[in-house]
Amino acid sequence: MSANLTAVSGRRAQKAATRAAVKAAARRCFLARGYAATAIADIAAAAGVAHGTFYVHFAGKEAVLDELLADFNAAFAERLAPALARAARAPVGELVAAAADAFLDHWRAHRDFIACYAERAAGGLAPTTLRDGLNPPMAHLLTAALRTAGVADAELATHALLALWLRVGMQFLFHGGVTRAAARRTLVAMTVGAVDAVRGAPR
């Protein structure tokens, strides 16, 4: 029985390693070729696996990109949470500034991935994805912060602010004339203004 458990554990580890290799290869291909130009065959070849092996792990390249997005979001949440915790008792402007710093730095570090995801998004996403947003961890953290700040309808306010941050982030990354300082200043001013406007508003 011990030998059987060891064999099962070994197969699971191998399967997990293969899945990770396929995902890493997909990321390399997406960044090098672009999302639309990358085929499943390209990913399988880059991962060193058979074409059919890809489908053992993922339903298609959309599924790989969605998992890569989940990794991106989780990494951002790990960066954002300590920044918000450090600024938790600070005035709202300092809290927003800490979030803006984490946001802009994370997006700049992953510019190529965001470009790939934007390419896919331009081709169409499900209405529920557009409705619920592309970054649930950030939405969760922001909603909690807004509730703590006494904002009525905090979840709705969160999605309004995320739309603002998305647009400013895209301008920062892909418009040559937008500096980090300008993006940060705009995020802080507009977010603080919006929070002040809705804080304590009647439900």
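Quick notes on this one:
- Out of ALA121, ALA90, sole residue that is assigned by TED's automatic domain parsing to the domain that holds ASP71, more than 20 Å from THR191 (Cα to Cα), surrounded by fewer than 18 Cβ atoms within 10 Å (Cβ to Cβ) and at pLDDT 75 or above: ALA121
- Segment 144-175 - residue that is in contact (Cβ under 8 Å) with a residue 24 or more places away in the chain and not in a helix (DSSP H, G or I) and, of those, farthest from ALA118 (Cα to Cα): GLY150
- In segment 33-83, residue modelled with the lowest pLDDT [restricted to those that are outside any helix (DSSP H, G or I) and more than 14 Å from TYR117 (Cβ to Cβ)]: ALA37
- Yes/no for VAL178 being in contact with a helix residue (DSSP H, G or I) (Cβ under 8 Å, 6 or more places away or on another chain) and assigned to a helix (DSSP H, G or I): no
- Top-ranked residue in segment 181-203 [being in a helix (DSSP H, G or I) and among the charged types (D, E, K, R); ranked as nearest to the chain's Cα centre (by Cα)]: ARG184
The values are calculated or read from the model by the stated rules, or taken from the named source; none is laboratory data. In this text, all values refer to a predicted model and were calculated from it rather than measured experimentally. Methodologically, a virtual Cβ is constructed for each residue, glycine included, from the backbone with ideal geometry; neighbour enumeration extends over all protein chains shown.
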